[in-house]
Amino acid sequence: MIDILSLELGELEEILTSKGYERYRAKQIFSFLYKQKVYDFDSITVLKKETRKELKEEFFIYQFRVKSVAIGSDGAKKYLFELMDGSLIESVLIPMERNRFTICVSTQAGCRMGCKFCATGRMGFKRNLTTSEIVEQVRFILKDNGLKIANVVYMGMGEPLDNYDNTVKSIRILMDEYGLGISKRRITLSTCGITPALVRLKKDLPHINLALSLHSAISEKRSLIMPVNKEYPIDEVLKVLKDFPIPRRKRITFEYVMIKGLNDTKEDIRALIRVMSRFKSKLNIIPLNKHDLIGTKFEPTPIEDIEKFAQTLRDRGFFVTIRKSKGSDINAACGMLATRAS
Ligand code: SAH
Ligand code: SF4
């Protein structure tokens, strides 16, 4: 059986035409899957009964089991999905200003990057998600909330570039005009910085928004909290990012989880200035979210100190935001996705 939500339009066209169908059928089916968001082939009413029967014999439409849905006081809605093999993943729908929404998707069950401050990292790695398991998070949440469109951020569980092929395919399906039709401007991929994968991404999807989890501009410090920095040192990562074709109006986002005494000193500001001066960028400071999987080793920088840190950089002309993590009362905030049915 072929997992139809894992296919790009071109692939579906190829399979169907090789079976003797007309080429336009693929677009028709794709539109029903992504515009109408159907869950069974009988709902594709433009097809003859026999055709639907044939399709059912060859393909299946991936479906999650919804384990729980929790809504936080700030409106963030966290979905806990059970996959066919029993793995659990989380996705979050985040309300934004002006009636817009952002969907935060997972790309792996767990994560093998082991960042010290991240609950997903602490829980270890289970497996990569398939393309359909990534796409279905968006398709399901849009349908469940009666939304036509949303921004999508690859910032849930897992490291998207450690599941490169399925991540890229899922983005292509989101972007396809017969798929979910989400423009590249609305899609952001967040990564801890895997150099060879970034080199590939530059060719495969040069125009989506990128966020780099920087967390320290001092390589030795970064290695202490992000083991990935030992294999792919920040200098190399920045070199690759430097020649991403970032459009004039766009900025690359550097994410910066603020940890008390660790990356919030004057020395850290100086190093950050050196890095940010090289890029058209913005810094997104995320106050550390505490979680019992992280223990007590790390504490968040007090908010007044975060404000001062941000102001110092703004005074130098840099663009800095402080993220108010949404959903912290339901463990849906950054770095807190560890699939406890809270
Ligand atoms: N693996 C990718 C995307 C998922 S994490 C990455 O690391 O970029 C999304 C963001 O949440 C990252 O910037 C990550 O560093 C941050 N994060 C992880 N743990 C956190 C915590 N405890 N508090 C605040 N942010 C955290
Ligand atoms: Fe993985 Fe990102 Fe968490 Fe690091 S911060 S462990 S890369 S999910």
TODO: Return the residue satisfying two criteria in turn: it lies in region 136-162 and is assigned to a helix (DSSP H, G or I) and touching a helix residue (DSSP H, G or I) at 6+ places or on another chain (Cβ under 8 Å), and of such residues it is surrounded by the fewest Cβ atoms within 10 Å (Cβ to Cβ).
DONE: Asp162
Task: Single unsatisfied condition, Glu136 versus (1) within 16 Å of ligand 1 (Cβ to nearest atom); (2) on the phi < 0 side of the Ramachandran plot - done: (1)
Task: The listed residue being touching a Leu at 6+ places or on another chain (Cβ under 9 Å), among the charged types (D, E, K, R) and either in contact (Cβ under 8 Å) with a residue 60 or more places away in the chain or surrounded by fewer than 22 Cβ atoms within 10 Å (Cβ to Cβ) (or both), out of Glu57, Glu97, Glu82 - done: Glu82
Task: Failed item, numbered, when Arg222 is tested on (1) buried (at least 21 other Cβ atoms within 10 Å of the Cβ); (2) among the basic types (Lys, Arg); (3) more than 13 Å from ligand 2 (Cβ to nearest atom) - done: (3)
Task: Selected residue (criterion: farthest from ligand 2 (Cβ to nearest atom)) from residues of region 163-173 that are under 15 Å from Cys192 (Cβ atoms) and of a type outside the set (Phe, Trp, Tyr) - done: Thr167
Task: Members of region 93-108 that are outside any loop (DSSP other than H, G, I, E, B), away from ligand 2 (no atom under 11 Å from the Cβ) and modelled with pLDDT of 95 or more - done: Leu93, Phe101, Thr102, Ile103, Cys104
Task: Residue selected from region 123-162 under the condition touching a Lys or Arg at 6+ places or on another chain (Cβ under 6 Å) and in contact (Cβ under 8 Å) with a residue 60 or more places away in the chain, by the criterion nearest to ligand 2 (Cβ to nearest atom) - done: Thr131
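The values are calculated or read from the model by the stated rules, or taken from the named source; none is laboratory data. Bear in mind the structure is a predicted one, so any value in this text is a computation, not a measurement. No Cβ is skipped: glycine too gets one built from the backbone with ideal geometry, and neighbour counts run over all protein chains shown.
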